[in-house]
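Okay, so here's the structure we're looking at.
Throughout, read-outs are computed from the coordinates displayed, never taken from laboratory work. Because the structure is predicted, anything quoted here is derived from the model rather than measured.
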């Protein structure tokens, strides 16, 4: 009889220690952890979140999130008070969301939230546990990208560099059809008549005065700039490379120094650089050709690349790991769902990563995250997408693969992470394990949020079952 109370006391002590450990982990996470109740008032904010927003927990506890860390209205005019009310009424619709937030000093910041509703025994919302990451830098990059389109149009017409904007989508469709029918593009590229017909499919969209001056065109209004340029360079020289580049979808690699003959018979040496505008990589319907005199080549290349490629990279990549970011993740998933393509999602979380940070510090912890990202990439199939989700969490998207195939890929990643020794150059290597959850579209869910939610639940079930394993979504 005396053994049972003693065993009960030991179990209570063990559970208390576990709860204390979890509280400590929440307090020290390198992301925001917020608990708030069904009325929208703050229950808990971890140390990282308190530092991020500039409040202490005592200052926030019991106060509404609206008016403290969430402004009633976004800078754009969106009604955040209504959004929060809708989230509390329909928490299942907001497993993740992004909105403008507000620090204590009034500074507006952007946070991407992942929300887990907690229900009572009757199925009513008791509270929401929200994990957030700061996406302010990425959001500002998006705003700069939109503004750059306006600047691009102004620069396009005013720059002294000769510019031609063309549409090669019809040519790409033509070449794809030839390839699908088993035709030989190399034979086509060596046939002058076939090349001329192909180049005639490239439509002129716009050109600037500098191109007219470069080509010395007499009748600017009647100018078909794309055909005039091909003729000036020579179909035999320009044609084969253009056909190969369009067929391969690699026009951005088309950078050449060449000579051309103007419409007045003068010879000029120019650098030709092709750029596909962001968002048109698949259709090739917006391609900009820049023709630069050799003396001004360096200035023109720097101006064109800096305003397009750098902003495009920042908008969709994580600055620490180089993996894709959450913006790209949701765009890719929405695209796959819209296409009705089968795909699987793997949620990956490093086990007890806080121990690594406690032992080695944040800087080396970040280095470990980078090395883990490299391990994940090495295990990915060619069309796989790796995403830095939040802190030590990653998401992998596997287009065209069902849950069984995705689980096999996830197991490969898990095994490689477990076998790797990170921070090897420090003399104090780190061993890690990872827990993963796998869900498939459309078998496990019929939309983006559903698939992500199913994979997330599978991940938490795996961690609850002991970690270092791959779990599958269940009905």
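Using only the Cα atoms of the chain, each taken as one equal point scatterer with no solvent, compute I(q) by the Debye sum, divide by I(0), and report log10 of the ratio at q = 0.06 Å⁻¹. Ignoring solvent entirely, the Cα scatterers give -0.39.
Shape analysis of region 31-134 yields a ratio of the Cα radius of gyration to the Kirkwood radius, Rg/Rh, of 0.94. How tilted is helix 80-89 with respect to the longest principal axis of the chain? Cα atoms for both, answer in degrees (0 to 90, nearest 10). The helix 80-89 is inclined about 50 degrees to the chain.
Give me the angle, in degrees from 0 to 90, between the Cα long axis of helix 3-27 and the longest principal axis of the Cα atoms of the chain, rounded to the nearest 10. Here the helix axis deviates by roughly 30 degrees. Region 181-210 and region 422-439 have Cα centres spaced 51 Å apart.
Across all Cα pairs in region 424-475, the calculated P(r) in 10 Å bins from zero up to the longest distance comes to 28, 36, 20, 12, 5 percent per bin.
On a 0 to 90° scale, report how tilted helix 362-379 is relative to the longest principal axis of the chain, with both axes built from alpha carbons and the result rounded to the nearest 10. Computed tilt is about 60 degrees. Region 319-358 and region 90-108 have Cα centres spaced 20 Å apart. Add -39500 (n - 2.57) for each DSSP H run of 4 or more in the chain, then divide by its residues: what number comes out at 222 nm, to the nearest 500 deg cm²/dmol? Estimated from H runs of four or more residues: -14500 deg cm²/dmol. What percent do you get for the relative contact order of the chain when only Cα pairs under 8 Å and 6+ apart count? That works out to 10 percent.
What do you get for Rg/Rh over region 326-472 if you use C-alpha atoms and the Kirkwood form of Rh? Ratio of gyration radius to Kirkwood radius for region 326-472: 0.98. Structural size metrics of region 140-316, computed from C-alpha coordinates, are Rg and Dmax of 16.3, 49 Å.
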